[in-house]
Structures are given as structure tokens and as C-alpha cells.
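Have a look at the structure below, then the notes.
The values are calculated or read from the model by the stated rules, or taken from the named source; none is laboratory data. This is a predicted model, so every value here is computed, not measured. Heads up, the Cβs are rebuilt from the backbone with ideal geometry, glycines too, and the neighbour counts pull from every protein chain shown. We work out accessible area using only protein heavy atoms, side chains counted, and drop any ligands, DNA or RNA first. Shrake-Rupley method; radii C 1.70, N 1.55, O 1.52, S 1.80 Å.
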Protein chains: 2
Amino acid sequence: MTTEEVIGAGAAILTTSSFLPQAIKVVRTRDTEAISLTMYVLFTAGITLWGIYGVMTWQWSIIIANGVTVVLAATILTMKVLAVLAAGRKPGAPSPN
Amino acid sequence: MTTEEVIGAGAAILTTSSFLPQAIKVVRTRDTEAISLTMYVLFTAGITLWGIYGVMTWQWSIIIANGVTVVLAATILTMKVLAVLAAGRKPGAPSPN
């Protein structure tokens, strides 16, 4: 492996794995108040497109990294949407942003 | 542009811009309770490595996308660290995860 490949692999591992502690925290605490709904809508859509790009250009590293990330991001997004829907039934609910 | 390039560009724009609403929300509300400290430590480190990878392989799209993202991620990380430090001075402070 070249130095570039090692740095690229390290970058991919760090950015992909970073969503695991956030997903665990959200599932455990059910607290998504500070989480931005807009961020996870845009991010999950973007990661899905990266996965499609990986399939179209047949790059395994992109397919795997984004396959893992989309599951984690979709988990966080689902918890946020459920919280927003639940809050929507209460008066004075905060805006999701 | 090929279909692959359009999808890749869309993916890059969505994933990069997604951190803007989260950064704005955190700066406005100062609420980082549901934000995972571990996520933003790993993610900011990973995005920094992606930036270095972009410079080493001289790919402008990677340099620009990750340059923007590292500023947004570092903003969220800074707000979280400040909140953790402030909470550390109080008894019964929650764990940052």
C-alpha cells in the first residue's frame, strides 16, 4: 500500500465508524433534541447516492463504506423522525430544524 | 458529464452541505446533549485525513468538499467540547459518550 492508500483507508474507517457511537447514543437515550433533522435527511440521501455511485463505477470500498454508513445514518434519522412525529402531537413542541 | 459524475457530484454536495444545518442548530441553541462527542472526534479526524489524501493525490473536489466539511464538523465538535467542559464543573453531569 502507498502512503496515500493508507491515509485514504484510515480516513474511510474513521468517517464510516464515527456514526456508530451516535447511532448507539440515540437508540439508548432516545434523545434526538439537539440532532438536526435536515442534516440527516440530506446526509442519508447523499450517502445513498454515494452507494449508487459505488455500484455504477463498481468500487467495492465505496459500496461497503457507504453501505455501513447508510444503515447507521438511517437509524439516527428514523429515531429523529419518530421523535418529531411524537412531539407533533403535543402542544408547544420545538421545531425539528 | 457522465451519469456517474452527476450522481457523484450530487452525493458530494448533499453529504458536504448536510453538516451546515447541524452546525447552525448547535451554534443557535447551544444544545449538544444528544450529540455524540465520540462521533465528532472520529469524524473530524477522518475528514482531516480525507483532506490530506486530497492534497497528496491532488484532487480538487476532495480538497474542497472536505475543507468545507472539516470547518462545519470542527464547529459542532468545539460546541460539544465546551458543553462537556462546562458540565464537568457541575455535579451529576451526564456522560458525553
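Return a yes/no flag: does region A:1-13 have any residue that is within 15 Å of the chain's Cα centre (by Cα), without any contact (Cβ under 8 Å) to a residue 40 or more places away in the chain and within 22 Å of B:Leu49 (Cα to Cα).
yes
What number of residues within region A:55-91 are among the hydroxyl-bearing types (Ser, Thr, Tyr) and in contact (Cβ under 8 Å) with a residue 12 or more places away in the chain?
3
Determine, yes or no, whether B:Thr48 is crowded, with 16+ Cβ neighbours inside 10 Å and more than 23 Å from A:Ala9 (Cβ to Cβ).
On the way: crowded, with 16+ Cβ neighbours inside 10 Å: yes; more than 23 Å from A:Ala9 (Cβ to Cβ): no.
No: the conditions fail for B:Thr48.
Hey, A:Asn97 hits all of (1) open to solvent by 60 Å² or more (accessible area, probe 1.4 Å); (2) within 10 Å of chain B (Cβ to nearest Cβ); (3) modelled with pLDDT of 95 or more but one; which does it fall short on?
Failing condition for A:Asn97: (3).
Would you say A:Gly54 is small (Gly, Ala, Ser), closer than 20 Å to B:Val6 by Cβ and more than 16 Å from the chain's Cα centre (by Cα)?
On the way: small (Gly, Ala, Ser): yes; closer than 20 Å to B:Val6 by Cβ: yes; more than 16 Å from the chain's Cα centre (by Cα): yes.
Yes: the conditions hold for A:Gly54.
Which residues, counting only those in region B:63-97, are not in a helix (DSSP H, G or I) and not aliphatic (A, V, I, L, M)?
Scanning region B:63-97 gives B:Arg89, B:Lys90, B:Pro91, B:Gly92, B:Pro94, B:Ser95, B:Pro96, B:Asn97.
Can you work out which of the residues in region A:14-62 that are polar (S, T, N, Q) and part of a loop (DSSP other than H, G, I, E, B) is farthest from the other protein chains (Cβ to nearest Cβ)?
Here the residue is A:Gln59.
I'm trying to understand the selection: among the residues of region B:69-91, which are of a type outside the set (Lys, Arg) and open to solvent by 70 Å² or more (accessible area, probe 1.4 Å)?
As a first pass, look at region B:69-91 and keep what is of a type outside the set (Lys, Arg): B:69-79, B:81-88, B:91.
Selection gives B:Val71, B:Thr78, B:Leu82, B:Leu85, B:Pro91.
Out of (1) under 13 Å from the mean Cα position of the chain (by Cα); (2) under 21 Å from B:Ala65 (Cα atoms), what's the single condition that is false for A:Ile62?
So the condition that A:Ile62 fails would be (1).
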